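The values are calculated or read from the model by the stated rules, or taken from the named source; none is laboratory data. Computed from a prediction, not measured in an experiment: that's the story for all the values here. So basically every Cβ, Gly included, is an ideal-geometry build from the backbone, and we count neighbours across all protein chains shown.
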Amino acid sequence: MKRTAILMAAALIAPTGAWAAIGCTLSNPAQDLKYLFPSMTSYKEELKEFSRLEKGRDLYAGIRDRLGSDLDPLYETFETPYTVYTVFSGKTKAGIVHGVNVPGKGGVIQVFLWTDPSTGEIRKFFFQRLESPAAKALRDKAFRARFEGMTLADFYKHDYYAAADPGSAADRLGRVVPPPLDPDGKPDYDATLRGIRKNLILLDLFVYGRRFEPFFERARAAQKGARP
């Protein structure tokens, strides 16, 4: 199978600190991606780092506001490397796959998304690693399917409706019903949502040219307007 990989030279010239940071990669890309895309003929791995992006410091600083929480000092540093997998069927882009680490109750949770190359919609989300009291409920196929078709816009719209029109029927993310969870499992459900959101934010920066930024700006304006 043909594989287009990152040039080894990139690894040799990368700053030492970048590799001290903890990224998230597929354990067996060729096998894992073939499972997701049976028609796959090739794939490309691309290393993304904020230090290599134009205005990378500013982009990194903006993640906290878009994520809505403080960044984790272990998994979400400026030096953290990210790997984007682009899957091809012949010459056609079949999908984008990307994973993130988020801290969970039982250890790190690895959340992966397969998104549509054109629209940014979630086609599938899955866990590569999940050690949690809620693991069975969170891995449930029906639960995971509730996010299919969503984009980053749906997460920003959720913020908008929370400030401007709580309980709105148009709030697609707000309509997601959590799986049955005991109190010990709730933190990992929250971490999972955070992982999906973070994944989409990074993909918007790395792949989709910040196309969902207008939805963030609208949400931020609504939040400011809702404050006393």
Q) When you look at residue 141, is it in contact with a Ser or Thr (Cβ under 9 Å, 6 or more places away or on another chain), under 27 Å from residue 34 (Cα atoms), of a type outside the set (Asp, Glu) and surrounded by fewer than 16 Cβ atoms within 10 Å (Cβ to Cβ), yes or no? A) no
Q: Only residues that are part of a helix (DSSP H, G or I), hydrophobic (A, V, I, L, M, F, W, C) and buried (at least 17 other Cβ atoms within 10 Å of the Cβ): list them for the range 26-38, please.
A: 33, 36
Q: Quick one: residue 129 ticks every box in (1) closer than 18 Å to residue 23 by Cα; (2) in contact with a helix residue (DSSP H, G or I) (Cβ under 8 Å, 6 or more places away or on another chain) except a single one, so which number is it?
A: (2)
Q) Which numbered condition trips up residue 100, out of (1) modelled with pLDDT of 95 or more; (2) out of contact with any Cys (no Cβ under 7 Å at 6 or more places or on another chain); (3) closer than 22 Å to residue 216 by Cα? A) (2)
Q) For residue 106, which of the numbered conditions (1) at pLDDT 95 or above; (2) touching a helix residue (DSSP H, G or I) at 6+ places or on another chain (Cβ under 8 Å) fails to hold? A) (1)
**Q.** Residue satisfying condition, being in contact with a strand residue (DSSP E or B) (Cβ under 9 Å, 6 or more places away or on another chain), farther than 29 Å from residue 106 by Cα and either surrounded by 18 or more Cβ atoms within 10 Å (Cβ to Cβ) or at pLDDT 95 or above (or both), within set 205, 200
**A.** 205
Q. Where in the range 39-105 are there strands (runs of 3 or more DSSP E), lying wholly inside it, with at least 1 residues that are exposed (fewer than 14 other Cβ atoms within 10 Å of the Cβ)?
A. 92-104
Q) Among the residues of the range 200-210, how many are touching a helix residue (DSSP H, G or I) at 6+ places or on another chain (Cβ under 8 Å) and over 14 Å from residue 155 (Cβ atoms)? A) 2
Q: Name every residue in the range 121-161 that is of a type in the set (Ser, Thr, Tyr) and under 30 Å from residue 217 (Cβ atoms), in order of residue number.
A: 151, 156, 160, 161
**Q.** Check on residue 160, hydroxyl-bearing (Ser, Thr, Tyr) and under 26 Å from residue 75 (Cβ atoms)
**A.** no
Q. Does residue 149 satisfy being small (Gly, Ala, Ser), in contact with a strand residue (DSSP E or B) (Cβ under 7 Å, 6 or more places away or on another chain), modelled with pLDDT of 95 or more and buried (at least 22 other Cβ atoms within 10 Å of the Cβ)?
A. no
Q. What is the one condition in (1) modelled with pLDDT of 95 or more; (2) within 24 Å of residue 191 (Cβ to Cβ); (3) surrounded by 17 or more Cβ atoms within 10 Å (Cβ to Cβ) that residue 23 does not satisfy?
A. (1)
Q: Tell me, yes or no, whether the range 170-184 has at least one residue that is surrounded by 14 or more Cβ atoms within 10 Å (Cβ to Cβ), touching a helix residue (DSSP H, G or I) at 6+ places or on another chain (Cβ under 6 Å), within 19 Å of residue 132 (Cβ to Cβ) and charged (D, E, K, R).
A: no
Q: Go through the range 140-194 and give me each residue that's within 18 Å of residue 124 (Cβ to Cβ), basic (Lys, Arg) and part of a helix (DSSP H, G or I).
A: 141, 144
Q. Is it fair to say residue 99 is of a type outside the set (Lys, Arg) and at positive phi?
A. no
(Q) For the range 40-74, give me each residue that is of a type in the set (Asp, Glu), touching a residue at least 12 places away in the same chain (Cβ under 8 Å) and more than 19 Å from residue 84 (Cβ to Cβ). (A) 65, 72
